[in-house]
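The values are calculated or read from the model by the stated rules, or taken from the named source; none is laboratory data. Quick caveat: nothing in here was measured; it's all calculated off a predicted structure. Cβ placement follows ideal geometry from the backbone for every residue including glycine, while neighbour counts extend to all protein chains displayed. Quick note on the areas: whole protein, heavy atoms, side chains included, nothing else; ligands and nucleic acids left out. Shrake-Rupley method; radii C 1.70, N 1.55, O 1.52, S 1.80 Å.
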Amino acid sequence: MKTRYAEAQYGKVVIKTKDLPKPGPGQLLLEAEYSSMSPGTEYSLMDNKIVPLPQSIGYSMVASVIEVGPDVTDFKVGDLVVTTGEHAQYLLMDMKNVTPAPHDVDKEQAAFFVLIHTALYALRRSQLQFGEPAVVLGQGFVGAITAQIARLAGAMPVIVTDLDDGRLEIARKMGVHYAINPKKEPNRLVEVVNSLKRGGVPVVFEATGARQPLAQAFEIVSERGRVVMISQVHGESMPEIDEPLMMKGASLIGTYVNSKPFSLRRTDLGINGAWPPTISNRLERYVNSDIWTSDDDFRVALDFIKYGSLDIRPLISHRFTYEEIPKAYDLVWNKDASLLGGVIKWK
């Protein structure tokens, strides 16, 4: 079988064709339906900052299972799934790298499950408590979702900042309590924080894609508060942290999603008609609230959409067919501010 796929080269993305073999043991053959773009990460990939180019690009796909390989136990033909696979018409994926999706989920929104999961992990790491104020610096796609999940988690008020008035207007429509442009209102954020009369805010999320805003995060965080770094930045130095954080007893928290397990499987002792108990040969998915894996949070992200707790349609700024992928990534390379959320339709 041949498939068309997207390949990142320096400063551009091109469409290429390659052959796919039949699925092997534990593999699934998937047919793509929707995939999403991540402008920050994928710009760095196109800029040769992550892995040597050329490389496949894309890592957030909604697809249907069209063939299963030997030893596949958890999936069948016709299942709707999500996977961190490349932009491609057809994909071969290990079943351990595939998560089932509700059949009635909005597929276009579901294509952003990786970015929702990124924001969700930041909230988990922040240990946000009901009633705590929270600030989100930056209203790109992940920052905007972070603000929405903070609302779901009970943050009051939710305060966001961005240099783009259009993004701030979307944030207002999605229910944040304060939306501030620090370029136009340089003192407004501090004024709002001071009006809360808490000596700062307990939680500040940095999602700007730059390092300098951390200096302001350190300024406004409260005693024993938490500054949560969401965005990855290449080639920028950190602002001074010793004095502003140490004197407050505040914490700086990283949220790189690969700092937690992708998934966990368990095997158990059981009595199978004989003594002593023996270990089962089958590995079962580990499900418990003491550990949230990436696979678990993918499922939570999809349920947010299915049950209407999270509506990210206002954040989808661009829709492309797969033939338009080169044009779509020209926007990424040129850092076009209008590109908030880009989704690619494959069928």
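Observations
- Which listed residue, of 248, 197, 183, is touching a residue at least 40 places away in the same chain (Cβ under 8 Å) and not acidic (Asp, Glu): 248
- For segment 317-347, the set of residues classified as surrounded by 17 or more Cβ atoms within 10 Å (Cβ to Cβ), out of contact with any helix residue (DSSP H, G or I) (no Cβ under 7 Å at 6 or more places or on another chain) and assigned to a loop (DSSP other than H, G, I, E, B) consists of 317 only.
- Inter-residue pairs, beta-carbon under 8 Å, first closer than 20 Å to residue 132 by Cβ and in segment 211-224, second open to solvent by 100 Å² or more (accessible area, probe 1.4 Å), 6+ apart: 222/198
- Per the listing 108, 132, the residue uniquely in contact (Cβ under 8 Å) with a residue 12 or more places away in the chain and over 21 Å from the mean Cα position of the chain (by Cα) is 132.
- The residues on offer are 142, 193, and the sole one that is at pLDDT 95 or above, open to solvent by less than 20 Å² (accessible area, probe 1.4 Å) and out of contact with any Cys (no Cβ under 6 Å at 6 or more places or on another chain) is 193.
- Screening residue 282 on (1) in a loop (DSSP other than H, G, I, E, B); (2) modelled with pLDDT of 95 or more shows it passes everything except condition (2).
- Qualifying residues in segment 286-316 (those that are among the aliphatic types (A, V, I, L, M) and within 15 Å of residue 146 (Cα to Cα)) - the one most open to solvent (accessible area, probe 1.4 Å): 300
- Output for segment 75-84, where each listed residue is acidic (Asp, Glu) and touching a residue at least 40 places away in the same chain (Cβ under 8 Å): none
- Residues that are at pLDDT below 95, touching a strand residue (DSSP E or B) at 6+ places or on another chain (Cβ under 7 Å) and open to solvent by 40 Å² or more (accessible area, probe 1.4 Å) do occur in segment 1-23, at least one of them.
- Residue 305 falls short on exactly one of the conditions (1) within 28 Å of residue 14 (Cβ to Cβ); (2) touching an Asp or Glu at 6+ places or on another chain (Cβ under 6 Å), and that condition is (1).
- Unmet criterion (only one of (1) open to solvent by less than 60 Å² (accessible area, probe 1.4 Å); (2) touching a residue at least 12 places away in the same chain (Cβ under 8 Å); (3) of a type in the set (Gly, Ala, Ser)) for residue 237: (1)
- All positions within segment 39-61 that are open to solvent by 10 Å² or more (accessible area, probe 1.4 Å) and part of a loop (DSSP other than H, G, I, E, B): 47, 48, 49, 50, 51, 52, 53, 54, 58, 59
- Test: residue in segment 261-268 that is open to solvent by less than 40 Å² (accessible area, probe 1.4 Å) and more than 25 Å from the chain's Cα centre (by Cα): no
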